[in-house]
């Protein structure tokens, strides 16, 4: 038979899968994929066992367990001062990636344009493409990897339906400032542009900085899907539990997609997270200090290396500037580094539409001290 043409002809095996496979092959330390090598809080894990054993194993309501949605709304109020209606402005999703796909699918259509900032999380463009729209890429470039707002203004056309932001930013570790969001407010004022704010690392911001959530800015919040992740906050990425906040008209469209995408998310996981949020409100406020210690420990043990390092401002990722070591393209350099140092990292070029070469690679420091120490020793030996 004649099989249908691919809807995503340029999509292949992700760079994360490629590097993880190479790490296994070469018995390397894997700092490429972004997940912790330690477990979530014991009280949270025990709560899951309790709810599974007590029979909370059937479908949850489509929008999420009411108690969990109430706890999310309470957290938004506590952290950002915004009142959200847990009944119609909060939806629990099967990971942040599902929320991102549902948000794009809810409002983006054929011939629309969506602005993204490269290097971009690799799920954005496939969702845009599958909805028949065009991705408009704006690069974030070294040394600051900051947004060039004039380029944003120049990129907006009558077809611009959505702009996607990610702060703290993966993979660069940068964070948006208050000034950035005030500029954005001015740019979108008087337009029908919808915003999607990917804030999965919202609690991992360093050196006394505050996370500038779109929840803090009413003029942005009224036109935004704001996405976060319990997996990142509670060190349980494999649970794939996230959520989305949006004003009622946008959330109504979001839920139309969500109900046919996953419908609902694992009930015992939702129940356990809700219980944990009721009793452990300090966990998210302590997360920045927890990961800053890891960032500083990693960077301290890289001081003797030939890499140049500007400490990450957020996320659990750190960029390494390798230009004093090699002039190889980054995809070749990460293979060379893996083979010669036994450490797997991630190149940035696959996350640029034009394979931009920056001379930087990314590592994940959400690991135990022994792993970070061993990785640092190997990288200093180069």
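In nm², what is the average projected area of the convex hull enclosing the Cα atoms of the stretch 136-285?
Numbers: hull surface 41.9 nm².
Projected over every direction and averaged, the Cα hull of the stretch 136-285 covers 10.5 nm².
Just so you know, the Cα atoms of the stretch 296-382 work out to an Rg and Dmax of 12.3, 37 Å. Label-to-label distance, residue 110 versus residue 303, with points set 7 angstrom from Cα along the beta-carbon direction: 6.1 nm. Rounded to 0.05, the FRET efficiency of the residue 248 and residue 370 pair, given R0 = 51 Å and the Cβ-Cβ distance, is 0.55.
Using the beta-carbon distance between residue 39 and residue 85 and R0 = 41 Å, what value does 1/(1 + (r/R0)^6) give for FRET efficiency, to the nearest 0.05? All intermediate terms of the calculation are to be shown ahead of the outcome.
On the way: r = 34 Å, r/R0 = 0.83.
For residue 39 and residue 85, the calculated efficiency is 0.75.
Antiparallel versus total DSSP beta bridges in the chain: what percent is that, nearest 5?
So the antiparallel bridges in the chain amount to around 45 percent.
For residue 191 and residue 26, the difference between the fully extended length at 0.36 nm per residue and the C-alpha to C-alpha distance is 54.2 nm.
Restricting the calculation to alpha carbons of the chain gives Rg and Dmax of 20.7, 61 angstrom.
Between residue 59 and residue 328, the modelled label-to-label distance comes to 5.2 nm, taking each label 7 Å out from Cα in the direction of the beta carbon.
Look at the Cα gyration tensor of the stretch 1-133: its axes a ≥ b ≥ c give a/c of at least 1.5 with a/b at or below b/c, and that counts as oblate. Pull out a ≥ b ≥ c, the square roots of the eigenvalues of the alpha-carbon gyration tensor of the stretch 110-190, then state rounded if a/c is under 1.5, prolate if not and a/b is larger than b/c, and oblate in the remaining case. Judged from the Cα gyration tensor, the stretch 110-190 comes out oblate (a/c at least 1.5, b/c at or above a/b). Between residue 141 and residue 78, the modelled labels are 4.4 nm apart [label points 7 Å from Cα along Cα→Cβ]. Label point of residue 122 set 7 angstrom out along Cα-Cβ; within the stretch 360-382, amide nitrogens under 17 Å from it belong to 361-364. Taking 0.36 nm per residue of separation and subtracting the Cα-Cα distance, full extension of the segment from residue 11 to residue 155 would add 49.4 nm. Per residue, the average separation of C-alpha pairs within less than 8 Å and at least 6 apart gives the stretch 42-279 a relative contact order of 31 percent. The stretch 282-312 and the stretch 1-28 have Cα centres spaced 31 Å apart. Summed over qualifying helices (DSSP H, 4 residues or more, each -39500 (n - 2.57)) and divided by its residue number, the chain shows a 222 nm mean residue ellipticity of -12000 deg cm²/dmol.
Of the peptides 282-291, 235-244, the order by per-residue mean of other Cβ atoms within 10 Å, starting with the highest, comes out as 235-244, 282-291. Please work out the C-alpha center-to-center distance from the stretch 123-199 to the stretch 60-75 and express it in whole Å. Taking the Cα centre of each part, the stretch 123-199 and the stretch 60-75 sit 28 Å apart.
Where a number appears in this text, it was derived from the coordinates with a stated rule and is not lab data. The structure presented is a predicted model; accordingly, all values stated were derived computationally and were not measured. Every residue, glycine as well, gets a Cβ built from its backbone with ideal geometry; the counts of neighbours run over all protein chains shown.
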